[in-house]
Each structure stands twice: as C-alpha cells, then as structure tokens.
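Structure first, then comments.
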C-alpha cells in the first residue's frame, strides 16, 4: 500500500476542486467565462515545468539510491580489515573494535531515522578514529592507515546524505510550479465545458495530475525523509543494504 499513499492523500484536493466547480455551477449558477480549450497553453506550460523539476530532483534521487549500499560496503571493508590485522597479532583487540564499529553502524541507522543528531554521529566516528590510532600502536601497521582512509570515505558519504536531505532543489522553480498549479485550478473553476460529465472528469483529472506531481516532486526532493515513528514513504530510498549488513555484523558479534 506504500505506493498508493501519495495518491490517496492527494484525493481530498481533487474532491475539493470538483465540489467547488459543482457548487459554482449548480448553486452559484456560474457557467464559466472561457472555453476549456483556451486553457490548453497554460496546461502545456505546466507539463513542461513539471518535467524540468522532476528531471532535476531525479538526478539527486538516482545518486542517493547508491549511497546506502556504499556505506554498507565501507563499513564491512573496515570490519574485514580489522579482522585481517588481528591475524597473528594477539595484542589487537579485534572483537572490541568490531563492537565499536557496530556501535557506529547502529548510530548511522539511528541518524537516518532522526533518532540521533548529526553532531553525535560524527562524534562517534571521531571516537572510533581514536580507537584506530590505538589499533596502530598495537602493531597493526598499514592496516590502520587503510581503516582511517575508509573512515574518511564514510564521512564523505554521510555528509553527502545530509546535504541532499537538507538542500531543496531550486526554490524559485517550486514557486513557479506552485503558482502555475493554483492558476490552472483557478482557470478550471471559470472554464466552460461542453457537458456536465466532461466538466467533472476534466476538473478531477487535471487537478489530480498537477497536485500529485507537485507533491511527488517535493517527496522525491528528499529521498532520506525517514521518521522515527511513521512508516517509510514511497519516495524514500531503501536502506536494505545497510540493514542487511547490520544483521550480519550483529551475528558475527
């Protein structure tokens, strides 16, 4: 049912527009002042703008889909590097480092679901980096440098997630799209139709398309809009690579 969530929450806007049009016609006895065919140019402009905005937000969305898998790969690479360094080196506390890495992983998952602040998450990363310095002193050699390099990559990925989530796409474009959507619905209210059935169908479908697309673009614009309480929406990227690694790491611990 997740895929229908946005559609179902858009339907009240459609019912409101149809009710307003029916009220104007049968209660206010207002038949309209322009033909629906004259609205075509405005509808075409709206479609062009929707395509432009959707293309812009989808570029970030496609990049965002890769990030959870990349984060999981970096975390597992760190774990494997630590395990490899511990071979033949009893001074290296592999299980303790694994536990610390697991704590970082659960912190990333909690941060994505807004249960942990970004400052606290990066503090966890810093604390883990300090452990890696101790790891080097224990005789890890070049393995410590490899782990620190992976931590650097991890920081870049997490910062990218934060930037995508907190940065909207082209606010002036949203302003124009919202204005155009309101203008189109207003034009539908004053348009004349050839029949009552065509009036209801066209008002409903045009309102549905523009309202739905505006809300969809806004939803796609933040593909990491997870909530600690609500269910995941249809436009959020799936975190299964990170969650599957979390399950594997927990089993190994």
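What follows draws every value from the coordinates through simple rules; no lab data is involved. Not measured: the values here are computed from a predicted model. Counting neighbours? That spans all protein chains shown, and the Cβs are built from the backbone with ideal geometry, glycine included.
Using the Cβ-Cβ distance between residue 9 and residue 34 with R0 set to 25 Å, the FRET efficiency from 1/(1 + (r/R0)^6) comes to roughly 0.20. Going by alpha carbons, how many degrees (0 to 90, nearest 10) lie between the helix axis of 240-252 and the longest principal axis of the chain? So the inclination is approximately 30 degrees. Rounding to the nearest 10 and keeping the result within 0 to 90°, find how far the Cα-based axis of helix 171-189 lies from the longest principal axis of the chain. Tilt of helix 171-189: around 30 degrees. Full extension of the segment from residue 250 to residue 119, taken as 0.36 nm per residue of separation minus the current Cα-Cα distance, would add 44.7 nm. Overall dimensions of region 185-253, expressed as equivalent-ellipsoid semi-axes from the Cα gyration tensor (√(5λ), whole Å, largest first), are 46, 11, 8. Ranked by the mean number of other Cβ atoms within 10 Å of their residues, highest first, the peptides 166-179, 236-249, 6-19 come out as 236-249, 6-19, 166-179. One Cα centroid belongs to region 169-205, the other to region 7-38; the line between them spans 10 Å. When only alpha carbons of region 106-251 are considered, Rg and Dmax amount to 24.0, 84 Å. Take the Cβ atoms of residue 152 and residue 106, set R0 to 22 Å, and the FRET efficiency comes out at 0.60. Segment residue 83..residue 166, full-extension length gain: 26.3 nm, with 0.36 nm per residue of separation and the alpha-carbon distance subtracted.
Each of 33, 206, 104 was scored by other Cβ atoms within 10 Å of its Cβ. Arranged with the fewest first, they read 33, 104, 206. Pop out the Kirkwood hydrodynamic radius of region 60-189 from its pairwise C-alpha distances, inverse of mean 1/r, in Å to one decimal. The Cα-based Kirkwood calculation yields 17.1 Å. In terms of its Cα atoms, region 1-110 spans 89, 27, 17 Å along the principal axes, sorted from long to short. Taking every Cα-Cα distance in the chain and sorting them into 5 Å bins from zero, the calculated P(r) comes out as 1, 5, 11, 13, 12, 10, 8, 7, 7, 6, 5, 4, 3, 3, 2, 1, 1, 0 percent. Relative to the longest principal axis of the Cα atoms of the chain, the long axis of helix 40-85 makes an angle of roughly 10 degrees.
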